[in-house]
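Reviewing the structure listed below.
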Amino acid sequence: MRLLFRSPRPASVSDMPAEVSRLWKRKGYTAMTVFGHIFTSEQAMADHLNSRFSTLKNHEMIHLRQAQSTRNSWFLFYGFYFWYSLKALRYFRKVKNAAYYLNPFEMEAYAHQHDLHYLDQCGDHGAQGWRRFARMKLKERAQYLREKGIGRQ
């Protein structure tokens, strides 16, 4: 609960620490951003994320910049995230983990996780690329994932 009510606004976070959580044991997922912290299930992964900037750390930092683009609010970010996940559920037979992979926030993060300079290009208003994916129809998003080879389909 402390994390929820005492979390700093996204714009005031410059680097997110990685922490180990016993609750985070999702098969196939390595880490998760929650209110300015990165949670992982293994201490070795947390140490790795805290010691150097990798593609996984970049992916999670993109989520931080996306929260900045939603009026600098974690609540709006997670509200939009949940909404887009719900909308994508109807594609669960066509795309494995559709609620995750067809989410515009995840699509932007996966599209730019290997570009370690992407965050420098975002500017003061955060990462806005998710808005382009949000304007796409679900069918177009699924096609984009197939072309990029993101996720298992």
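The values are calculated or read from the model by the stated rules, or taken from the named source; none is laboratory data. Since the model is a prediction, treat every value here as computed from it, not as a measurement. Using ideal geometry, Cβ is built from the backbone for each residue, glycine included, and neighbour counts are taken over all protein chains shown. Areas reflect the complete protein model, heavy atoms only, side chains present, ligands, DNA and RNA absent. Shrake-Rupley method; radii C 1.70, N 1.55, O 1.52, S 1.80 Å.
Only sites in a loop by DSSP and with at most 10 other Cβ atoms within 10 Å count here; which trypsin sites (Lys or Arg not before Pro) in segment 98-153 make the cut?
Sites meeting the loop and neighbour criteria: Lys137, Arg152.
Ignoring everything except DSSP H segments at least 4 long, calculate the 222 nm mean residue ellipticity for the chain; use -39,500 (n - 2.57) per segment, divide by total residues, nearest 500.
When only DSSP H runs of four or more count, the value is -14000 deg cm²/dmol.
Counting only protein heavy atoms and using a 1.4 Å probe, what share of the accessible area of the chain belongs to carbon plus sulfur, as a whole percent?
Using a 1.4 Å probe with all protein chains present, the chain comes out at 53 percent carbon and sulfur.
How big is the dipole moment of segment 35-109 about its Cα centre under a simple scheme where the beta carbon of each Lys and Arg is +1, that of each Asp and Glu is -1, and everything else is neutral? Debye, nearest 20, please.
Using only the charged Cβ atoms, the result is roughly 400 debye.
Can you pull out the chymotrypsin sites (Phe, Trp or Tyr not before Pro) in segment 32-117 that DSSP calls coil and that have at most 13 other Cβ atoms within 10 Å?
Passing both the DSSP loop test and the Cβ count: Phe53, Phe92.
Just to confirm, what accessible area per residue do you get for the chain at 1.4 Å probe, in whole Å²?
Result: 61 Å² per residue.
If I model a spin label as a point 7 Å beyond the Cα along the Cα-Cβ vector, how far apart are those points for Leu76 and Lys139 in nm?
3.2 nm
Tell me the trypsin sites (Lys or Arg not before Pro) within segment 56-99 that lie in a loop according to DSSP and have at most 14 other beta-carbon atoms within 10 Å.
Loop-located and lightly packed - Arg71, Arg93, Lys94, Lys96.
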